[in-house]
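In what follows, a single structure is set out as C-alpha cells and then discussed.
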Amino acid sequence: KLPIYEQSYRSFDGEVRQRFRWWTIVVQELRVLFKSKPFLILLILSSLLLIFGILRVAIYNYLMSSPSNTSAAIMLSGALKFISVDAKMFFVFIRIQSPIVFLITIFAGAGMICNDVQDNLMEIYFSKPLTWRDYASGKIMTLVLIGLSITAAPALFLLFLHNMLAADMKTFAATYWFPI
C-alpha cells in the first residue's frame, strides 16, 4: 500500500499586517493586468491624449510667453483659441478619457473575481490573514487607482506643467481651482 499524504496549503508563516492588508490584492491584480495585451493597448490609447495635452500646453505657453511671438500669436488668434489652456480644456480632457476609463474598468473588473475562483486563488488568499473586506477593498481599490491614473493624475500633471511653463504667477492664481 502507498501512503496517503494530506494535500493542503501550508499555513501562513509571515508577519501579520494590521493596516493596508488589501494592498497585496492590488499589487497582484496590477501584476496580472500589466501582462495583458488588451489592457496595455488601452493604456497606450489613453496616454496619446496626454501627449497631445502636453504638446498643447507647451505650444500655448510658448506663444504667450515671449513678446517677440506676439505678432505670431495675433496671426494665429483663431488657432490660439483652439489650443487655449483653460477650464474647458481640462473638462474636455476628462470627458474624452471617460470612455477609455469605462472600457479599462470593464476589462479589468470583469475577470478579477472570476479568475480567482477559476484558478483556486480564493483558498490561497484566505489562508493568509486576509478578511473578505480586505479582499473586496483590494479589488475595488485596483479599479479606483486605474481610473484615477488615467484621468486625475494626467490632468493634474497638465495643470502643473501649465503653471510651471507660464511666465508669471497670474496663471497659478487663475488655475488653482481647476482640480476641484
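Here the spin labels are modelled as points 7 Å beyond Cα on the Cα-Cβ line, and at Cys114 and Leu43 they lie 2.2 nm apart. Placing dummy labels 7 Å off each Cα toward the beta-carbon, the span from Phe126 to Ile54 is 4.5 nm.
Applied to region 26-32, the Karplus parametrisation 6.51 cos²θ - 1.76 cosθ + 1.60 on θ = phi - 60° returns per-residue 3J(HN,Hα) values of 4, 4, 5, 5, 5, 4, 5 Hz, with x for Gly and Pro. In this calculation the C-beta distance from Ile96 to Ser36 is compared with R0 = 25 Å, giving a FRET efficiency of 0.60. One decimal place: the segment Ser65-Ala167 gains 36.2 nm when fully extended, by the rule 0.36 nm per residue minus the C-alpha distance.
Throughout, read-outs are computed from the coordinates displayed, never taken from laboratory work. Model, not experiment: these values are computed from the prediction. When we count neighbours, we look across all protein chains shown, and the Cβ atoms used for this are built from the backbone with ideal geometry, even at glycine.
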